[in-house]
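Before any comments, here is the structure.
Only the coordinates and a few stated rules stand behind these numbers; no lab work does. The shown structure was predicted, so the numbers you read here are calculated from the model rather than taken from an experiment. Here the Cβ positions follow ideal geometry from the backbone for every residue, glycine too, while neighbour counts run over all protein chains shown.
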Ligand SMILES: NC(=O)c1ccc[n+]([C@@H]2O[C@H](COP(=O)([O-])OP(=O)(O)OC[C@H]3O[C@@H](n4cnc5c(N)ncnc54)[C@H](O)[C@@H]3O)[C@@H](O)[C@H]2O)c1
């Protein structure tokens, strides 16, 4: 019997926000069906990938990890082709992989700039390009790109990160215009400060200072972001495209 599940690809799915998104798409009533089958892309920790396959996969959903460096267009094309073969197609893409290499611009190396732009922005180009033809041909696609509030308001010490995240927003709005008439939507979620490995290095004092600047006075959880991604992939969001939804406890209001 042919599966009626939607088919999703999530980059950077082994931990943090990406892992929560894999779980959400696998469990949510997404796009008018019960579940999504999910292929997630990861670049390290084979054991973490195997654990997610075991933990989230079920009789109803296929969860498959593909090891690849998201900065490579060639690897993106290869993994998307393999994911489509295993899942039978692709309906949803969530570009989530991201890194930080923080430094004040006067001290920032060319490598710190290039690494962040390549992982955060070029990967979005790579995976969007690799899935778009399929989505346009089937007249259906939901693309959600994980930006950041830093891409909206900037942050001292994160010029590379802010540029990558603002770039994602401009890219998303442009592609949204290119493919809207083909029933492919492209939206961004801009998280505020979320409890993950990325923010683990902050000490207690930095956390307290940050929280003071958040109207809701606390950091968010990966699930806060995942639920909004699930919404944007659901039929309730069928008429939403080219938007940026900040999920930030009120930071950017
Ligand atoms: N945590 C926050 O406060 C926060 C705030 C705003 C935006 N974001 C964004 O949310 C996304 C997820 O962040 P997170 O906090 O879960 O971070 P994280 O460091 O916990 O996870 C990042 C994921 O990206 C993957 N990744 C990194 N480089 C890769 C590469 N070259 N190829 C393939 N995968 C790669 C990692 O393996 C990991 O799974 C990122 O895009 C990040 O910029 C996070």
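With an 8 Å Cα cut-off and a minimum separation of 6 or more residues, compute the relative contact order for the range 6-247 in percent.
Relative contact order here is 21 percent.
Using only the alpha carbons, work out the radius of gyration and Dmax of the range 146-206 in angstrom.
Cα-based Rg and Dmax for the range 146-206 come out at 14.5, 49 Å.
As an exercise, use a Förster radius of 30 Å and the Cβ-Cβ distance of residue 203 and residue 111 to find the FRET efficiency, rounded to the nearest 0.05.
Here the calculated transfer efficiency is 0.70.
Please quote Rg/Rh for the range 210-253 to two decimal places, taking the Kirkwood radius as Rh and restricting both calculations to Cα atoms.
We get a ratio of 1.05 for the range 210-253.
Counting only the backbone N, which residues of the range 92-131 are under 17 Å from the spot 7 Å out from the Cα of residue 183 toward its beta-carbon?
It comes to 92-93, nothing else.
Please quote Rg/Rh for the chain to two decimal places, taking the Kirkwood radius as Rh and restricting both calculations to Cα atoms.
Answer for the chain: 0.95.
Could you calculate the contour length gain from residue 129 to residue 211, that is, 0.36 nm times the residue separation minus the distance between their Cα atoms, to one decimal place in nm?
25.8 nm
At q = 0.12 Å⁻¹, work out log10 I(q)/I(0) for the range 100-203 with the Debye formula, treating every Cα as an identical point scatterer and leaving solvent out; two decimals please.
For the range 100-203, the Cα-only Debye profile gives -0.45.
For the chain, find the longest principal axis of its Cα atoms and tell me its angle to the long axis of helix 73-87, 0 to 90°, nearest 10.
Helix 73-87 sits at roughly 40 degrees to that axis.
Using only helices, what value at 222 nm comes out for the chain when you add -39,500 (n - 2.57) per DSSP H run of length 4 or more and divide by the total residues, to the nearest 500 deg cm²/dmol?
-13000 deg cm²/dmol
Sort 225-231, 133-139 for me by packing, meaning the mean count of neighbouring Cβ atoms within 10 Å per residue, highest on top.
Ranking the peptides 225-231, 133-139 by packing returns 225-231, 133-139.
So the label point goes 7 Å from the Cα of residue 155 along Cα→C-beta, right? Which residues of the range 209-235 then have their backbone N under 20 Å from it?
Residues passing the 20 Å test: 209-229.
Relative to the longest principal axis of the chain, what angle (0 to 90°, nearest 10) does the C-alpha long axis of helix 16-27 take?
That works out to roughly 30 degrees.
Calculate how steeply helix 159-179 sits against the longest principal axis of the alpha-carbon atoms of the chain, using the helix alpha-carbon long axis, and give the answer as 0 to 90 degrees to the nearest 10.
Value to nearest ten degrees: 30.
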